[in-house]
């Protein structure tokens with residue numbers, strides 16, 4: 001894999017060959033991330049001091065674009081080493097807090113112009129979204145929270161970024177189909193009951209009205225957890241979630257299948273992956289929630305988190 005850093009002035013510099021690296025891509029939350037390690041030269045520090053962005057290319061294809069969070073220079077038995085770590089382009093939105101704003105009717109373009117484009121995110125693929133009435137952004141809200149809040153309440157969409165740094169605002173994935181079978185090195189199935197609510201109740205603290213959402217499937221399995229949350233008035237705050245959305249958010253991590261196979265970039269977030277694990281009694285087609293590829297002294301592997 002080839003790594004390139006860009007500094008604050010726009011100058012691009014190719015990095016030395018990596019000793020080890022890891023790239024994690026997600027379907028929106030948490031943020032994408034990367035880590036690369038290489039031999040350190042005398043001029044490494046001066047080259048990295050102003051680095052703001054990182055891009056990775058594998059077999060001629062861009063596989064990651066993000067921001068540099070930090071770098072380290074270390075001297076030990078293995079010699080002088082440099083390590084750079086950072087996040088995907090969503091990090092630009094997550095790092096920027098904003099003052100309060102209130103929209104009688106918020107349109108997608110209002111949100112993009114106020115909270116996305118000023119952060120340097122210019123490549124955007126978005127579907128049409130209905131406006132959100134009485135949308136409120138509170139002081140200290142991040143640009144990412146403002147964008148994610150609007151998208152959830154407008155069209156129940158989770159913002160995500162492609163490998164080339166393009167912001168994607170659409171519900172349906174345009175991903176590929178993949179198959180994993182005998183080549184799987186390791187697999188783990190996790191069924192979480194803790195934190196999953198059988199019933200979510202939302203109370204309007206001003207007028208006492210309530211809305212509730214039930215997770216019937218979990219109730220049939222003996223789930224009894226009931227959660228209450230409050231909202232003030234009828235304004236839609238960026239961080240607000242309806243009762244159903246709160247249930248849906250918990251479901252994202254309720255049933256997860258972790259599989260590791262040789263190779264890198266075997267699938268992208270929201271791809272559909274078919275898996276057959278006879279020893280665990282698990283087979284079917286799953287959605288990629290997270291894909292982490294890496295290479296070190298033990299070889300190249302890809303770990304997929306499937307839901």
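Yes or no: the stretch 46-53 includes at least one residue that is crowded, with 20+ Cβ neighbours inside 10 Å and within 19 Å of the chain's Cα centre (by Cα). Looking through the stretch 46-53, at least one residue is crowded, with 20+ Cβ neighbours inside 10 Å and within 19 Å of the chain's Cα centre (by Cα). Within the stretch 236-245, restricting attention to residues that are more than 14 Å from residue 135 (Cα to Cα) and surrounded by fewer than 18 Cβ atoms within 10 Å (Cβ to Cβ), the residue that is nearest to the chain's Cα centre (by Cα) is 245.
Taking into account only those residues within the stretch 149-165 that are under 13 Å from the mean Cα position of the chain (by Cα) and closer than 12 Å to residue 116 by Cβ, which is surrounded by the most Cβ atoms within 10 Å (Cβ to Cβ)? Across the stretch 149-165, the extreme among qualifying residues is 161. Residues in the stretch 58-92 that are over 20 Å from the mean Cα position of the chain (by Cα) and over 15 Å from residue 38 (Cβ atoms) were compared, and the one that is surrounded by the fewest Cβ atoms within 10 Å (Cβ to Cβ) is 77. Counting residues in the stretch 54-73 that are on the phi > 0 side of the Ramachandran plot and part of a strand (DSSP E or B) gives zero. Return yes when residue 146 is part of a helix (DSSP H, G or I), crowded, with 20+ Cβ neighbours inside 10 Å and either more than 16 Å from the chain's Cα centre (by Cα) or at negative phi (or both) and no when it is not. Considered against the rule, which asks whether it is part of a helix (DSSP H, G or I), crowded, with 20+ Cβ neighbours inside 10 Å and either more than 16 Å from the chain's Cα centre (by Cα) or at negative phi (or both), residue 146 comes out as yes. Screening residue 269 against (1) assigned to a strand (DSSP E or B); (2) within 28 Å of residue 144 (Cα to Cα) leaves a single unmet condition, (1). With respect to being surrounded by fewer than 19 Cβ atoms within 10 Å (Cβ to Cβ), part of a loop (DSSP other than H, G, I, E, B), at negative phi and in contact with a strand residue (DSSP E or B) (Cβ under 9 Å, 6 or more places away or on another chain), residue 29 fits the description.
Can you tell me which residue in the stretch 180-193 is farthest from residue 24 (Cα to Cα), limited to those that are surrounded by fewer than 14 Cβ atoms within 10 Å (Cβ to Cβ) and modelled with pLDDT of 90 or more? So that I can check it myself, show each step before the final result.
Here is the first cut: in the stretch 180-193, the residues surrounded by fewer than 14 Cβ atoms within 10 Å (Cβ to Cβ) are 181-183, 185-186, 188, 190-193.
Applying the additional criterion that residues be modelled with pLDDT of 90 or more yields 185-186, 188, 190-193.
Values: 185: 19, 186: 18, 188: 18, 190: 20, 191: 23, 192: 23, 193: 26 Å.
Top of the filtered list is 193.
Taken over the stretch 12-26, residues that are surrounded by fewer than 16 Cβ atoms within 10 Å (Cβ to Cβ) and in contact (Cβ under 8 Å) with a residue 12 or more places away in the chain amount to 5.
Taken as a whole, the condition of being more than 17 Å from residue 148 (Cβ to Cβ) and in contact with a strand residue (DSSP E or B) (Cβ under 9 Å, 6 or more places away or on another chain) applies to residue 243.
To keep it simple, each residue is scored yes or no on (1) free of Cβ contacts under 8 Å to residues at least 40 places away in the same chain; (2) under 30 Å from residue 22 (Cβ atoms).
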residue: 89; (1), (2): no, yes
residue: 97; (1), (2): no, yes
residue: 113; (1), (2): yes, no
residue: 128; (1), (2): yes, no
residue: 132; (1), (2): no, no
residue: 139; (1), (2): no, no
residue: 142; (1), (2): no, yes
residue: 147; (1), (2): no, yes
residue: 152; (1), (2): no, yes
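Quick check on the stretch 125-140. Is at least one of its residues under 24 Å from residue 289 (Cβ atoms), more than 16 Å from the chain's Cα centre (by Cα) and assigned to a strand (DSSP E or B)?
There is at least one residue in the stretch 125-140 that is under 24 Å from residue 289 (Cβ atoms), more than 16 Å from the chain's Cα centre (by Cα) and assigned to a strand (DSSP E or B).
Restricting to the stretch 208-219, name every residue that is surrounded by fewer than 14 Cβ atoms within 10 Å (Cβ to Cβ) and either over 31 Å from the mean Cα position of the chain (by Cα) or in a loop (DSSP other than H, G, I, E, B) (or both). Result: 208, 209, 210.
The values are calculated or read from the model by the stated rules, or taken from the named source; none is laboratory data. For clarity, every value in this text was computed on a predicted model and none was experimentally measured. All Cβ positions, glycine included, derive from the backbone under ideal geometry; neighbour counts span all protein chains shown.
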